[in-house]
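The values are calculated or read from the model by the stated rules, or taken from the named source; none is laboratory data. These figures come from a predicted structure and were not determined experimentally. Here the Cβ is made from the backbone with ideal geometry for all residues, glycine too, and neighbour counts use every protein chain on show. Heavy atoms of the whole protein, side chains included, go into the accessibility calculation; ligands, DNA and RNA do not. Shrake-Rupley method; radii C 1.70, N 1.55, O 1.52, S 1.80 Å.
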Amino acid sequence: MTPNTTQTASPETVDSPPAAVSFGQAVLFWLKLGFISFGGPAGQIAIMHQELVERRRWISERRFLHALNYCMVLPGPEAQQLATYIGWLMHRTRGGIVAGGLFVLPSLFILIGLSWVYIAYGEMPLVAGLFYGIKPAVTAIVVQAAHRIGSRALKNNVLWAIAAASFVAIFALDVPFPAIVAVAAAIGYVGGRIAPDRFKAGGGHGKADKSFGRALIDDDTPTPDYALFGWTKLARVALLGALLWLVPMALLAACYGWDHTLTQMGWFFTKAALLTFGGAYAVLPYVYQGAVGHYGWLTPSQMIDGLALGETTPGPLIMVVTFVGFVGGYVKAVFGPDSLFLAGAVAATLVTWFTFLPSFVFILMGGPFIETTHNDLKFTAPLTAITAAVVGVILNLALFFGYHVLWPKGFAGTFEWVSALIALGAAIALFRFKANVIHVIAGCAVIGYLVKTLL
């Protein structure tokens, strides 16, 4: 979006907007962001706010939060969707595709490389020792995630009851995660009308009350024509999005059959992409149920290790699905025993495509409506209930990880007291000293290696 020429002034003054940003300049920034986007969604959104709102003034605080509020109610990684939204608002569809794509691509290539090292050389003493310390750290990280989301989401007894019920449903009754999300959304929808005070969004992203000077896309900057809502635009994006999903799925089914590993990965991770309300931790139990329990693409221990790799690489945490795809394609040898790396890389790329495609479609379809209306969203009650249910689901995930770390051979086997001590130390670092997740994982990895070397 280009500012009015009458407003253009020196970028050194905050009373006037900065100079127009070329598409090339934007591409360089989005590429940089793809390599520095550590810290999960909160950290990634904070980086974008600092860079785009405070430092570069490409978009105002109010417009930034307006876009973020929309991304928060969508399934999918909100930080990546926010980058897509802002890129689209600045440079049309190509801007959105580049911004969202570069948010993911560095992590895709990094994870393919790390996944190959892990699966091909994981039995080496160095790698095995590092992951011995990483596993209990991941357990502590998941417990912290449950606490962090719960402290923000569970504001009253009704939401606590939803969280408890979801935990019982998935832990004791083995209810599928999609069913839990659907029931929670229905409870929120009804409850938001019967008792709206009980389903007000906890925390969230409220009104903008700060100004960092005139922005390129300011509060009063008119929405450009290409960003205005139109039924023809909506239909065109919906059709193109459907084709981008249908064509590769049809080719996979035609070439390999519906029951082939690659075809089932495409179908499974399409469903997973539509269930990522509440962040990556919310959908991980569903990924575990399918990838570990149903399809056998990887083991519980490998799932824990994949989460650790996802935590320590840039990009959305949901990129852990790239690891799942690589390991599944590699282990299943979908292209034969002589092409294991190719199998893993292709599976990882396919999984990433089907996981993130819906996010682009949601932004390019819904963005014009949001820009045209500028009205508050009315979907907070179902989302609040879903987030409460997610707390119970994540707690179940923490227990699952803890069981496999502390009793790797089952309750009949020995208790891993060293792993318990590492997990306790990681929990203290996270809860008491607010340590950085990457630092905790790195420290525990070193401890794990020393333990394996000395004992």
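Each residue in segment 190-216 was checked for being surrounded by 14 or more Cβ atoms within 10 Å (Cβ to Cβ), modelled with pLDDT under 90, more than 26 Å from the chain's Cα centre (by Cα) and of a type in the set (A, V, I, L, M, F, W, C), and 2 pass. Those residues that are among the small types (Gly, Ala, Ser) and surrounded by fewer than 16 Cβ atoms within 10 Å (Cβ to Cβ), I need them from segment 252-287; list them, please. ALA254, GLY257, listed by residue number.
Taken together, the criteria place LEU430 among residues that are in contact (Cβ under 8 Å) with a residue 60 or more places away in the chain, buried (at least 18 other Cβ atoms within 10 Å of the Cβ), in a helix (DSSP H, G or I) and touching a helix residue (DSSP H, G or I) at 6+ places or on another chain (Cβ under 6 Å). Check whether at least one residue in segment 398-410 is within 19 Å of the chain's Cα centre (by Cα), buried (at least 16 other Cβ atoms within 10 Å of the Cβ) and either at pLDDT below 95 or not in a helix (DSSP H, G or I) (or both), and report yes or no. Yes, because at least one residue in segment 398-410 is within 19 Å of the chain's Cα centre (by Cα), buried (at least 16 other Cβ atoms within 10 Å of the Cβ) and either at pLDDT below 95 or not in a helix (DSSP H, G or I) (or both). Only one entry in ILE110, ILE141 is in contact (Cβ under 8 Å) with a residue 24 or more places away in the chain, open to solvent by 10 Å² or more (accessible area, probe 1.4 Å) and under 17 Å from the mean Cα position of the chain (by Cα), namely ILE110. Looking across segment 288-331 at every residue that is over 18 Å from the mean Cα position of the chain (by Cα) and of a type in the set (A, V, I, L, M), the one that is surrounded by the most Cβ atoms within 10 Å (Cβ to Cβ) is identified as VAL327.
Among the helices (runs of 4 or more DSSP H) confined to segment 1-116, the ones with at least 1 residues that are at pLDDT 85 or above and more than 25 Å from ALA145 (Cβ to Cβ) are located at 23-36, 61-72.
For segment 218-235, a residue qualifies if it is polar (S, T, N, Q) and assigned to a helix (DSSP H, G or I), and exactly one does: THR232. Any residue that is outside any helix (DSSP H, G or I), more than 28 Å from ALA427 (Cα to Cα) and out of contact with any Phe, Trp or Tyr (no Cβ under 7 Å at 6 or more places or on another chain) - is there at least one of those in segment 377-397? Yes, the conditions are met somewhere in segment 377-397. Against the criterion of being at negative phi, open to solvent by 40 Å² or more (accessible area, probe 1.4 Å) and more than 21 Å from the chain's Cα centre (by Cα), LEU130 qualifies. Residues in segment 56-106 that are polar (S, T, N, Q) and surrounded by fewer than 24 Cβ atoms within 10 Å (Cβ to Cβ): ASN69, THR93. Inside segment 68-89, residues that are closer than 18 Å to SER37 by Cβ and either without any contact (Cβ under 8 Å) to a residue 24 or more places away in the chain or touching a strand residue (DSSP E or B) at 6+ places or on another chain (Cβ under 7 Å) (or both) make up a count of 1. Taking the criterion of being surrounded by 14 or more Cβ atoms within 10 Å (Cβ to Cβ) and over 24 Å from PHE268 (Cβ atoms), the residues of segment 168-189 that qualify are ILE187, GLY188, TYR189.
Being out of contact with any Pro (no Cβ under 9 Å at 6 or more places or on another chain) and modelled with pLDDT under 90, is that true of even one residue in segment 223-234? Checking segment 223-234: at least one residue is out of contact with any Pro (no Cβ under 9 Å at 6 or more places or on another chain) and modelled with pLDDT under 90. One residue stands out in segment 236-275 among those that are part of a helix (DSSP H, G or I) and among the aromatic types (Phe, Trp, Tyr): the one that is farthest from ILE180 (Cα to Cα), namely TYR256.
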